[in-house]
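Only one structure is covered here, and it is reproduced in the block below.
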Amino acid sequence: MTLPPIRPNHPASCHCGAVRFEVTLAPGGLGTARRCDCSFCRRRGAIAVTAPLDGVRIVEGADRLTLYQFGTRTAEHWFCSVCGIYTHHRRRSNPNELGVNAACLEGLNPRDLGAVEWSDGVNHPSDR
């Protein structure tokens, strides 16, 4: 399988299109893909790829984004308030990074990423 090239300012959107954004991934691009098994992420089930804090630019629908936080309130999880799709989050593991829902990237089917590494969110260092 050949993955599509993910270029700087790559287009992305939620399911209904109310939220449209552009993504510039961190070095490593799609190779940064990972899943998390914390209580929230394992229910969400999304594969996230890494972007720097300035790597997501909302083009349309910023007023449709809804914030969800829990626990330490370090992570900021953003969703479309219309269709409910998770678009991106500010990471608790590294608040200087964003995780972006790989399935929102135009032209990418996350299945094509193959096996994706899991992060141990259950035993997060911040919880000790």
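The values are calculated or read from the model by the stated rules, or taken from the named source; none is laboratory data. Everything numeric in this text was worked out from a predicted model, so none of it was measured. Reconstructed Cβ throughout: ideal geometry from the backbone, glycine too, with neighbour counts over all protein chains shown.
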Output for region 97-112, where each listed residue is assigned to a helix (DSSP H, G or I) and at pLDDT 95 or above: Ala102, Ala103, Cys104
Contacts under 7 angstrom Cβ, first residue in region 1-12 being within 14 Å of Thr50 (Cα to Cα), partner of a type in the set (Gly, Ala, Ser), 6 or more apart: Ile6/Gly29
Output for region 8-54, where each listed residue is part of a loop (DSSP other than H, G, I, E, B), charged (D, E, K, R) and either modelled with pLDDT of 95 or more or under 12 Å from the mean Cα position of the chain (by Cα) (or both): Asp54
Residues of region 51-69 satisfying the condition of being surrounded by 15 or more Cβ atoms within 10 Å (Cβ to Cβ) and either without any contact (Cβ under 8 Å) to a residue 40 or more places away in the chain or touching a helix residue (DSSP H, G or I) at 6+ places or on another chain (Cβ under 8 Å) (or both): Ile58
Unmet criterion (only one of (1) in contact with a Ser or Thr (Cβ under 9 Å, 6 or more places away or on another chain); (2) touching a residue at least 40 places away in the same chain (Cβ under 8 Å)) for Leu30: (1)
Members of region 70-96 found to be assigned to a strand (DSSP E or B), in contact with a helix residue (DSSP H, G or I) (Cβ under 9 Å, 6 or more places away or on another chain) and surrounded by fewer than 21 Cβ atoms within 10 Å (Cβ to Cβ), listed by number: His77
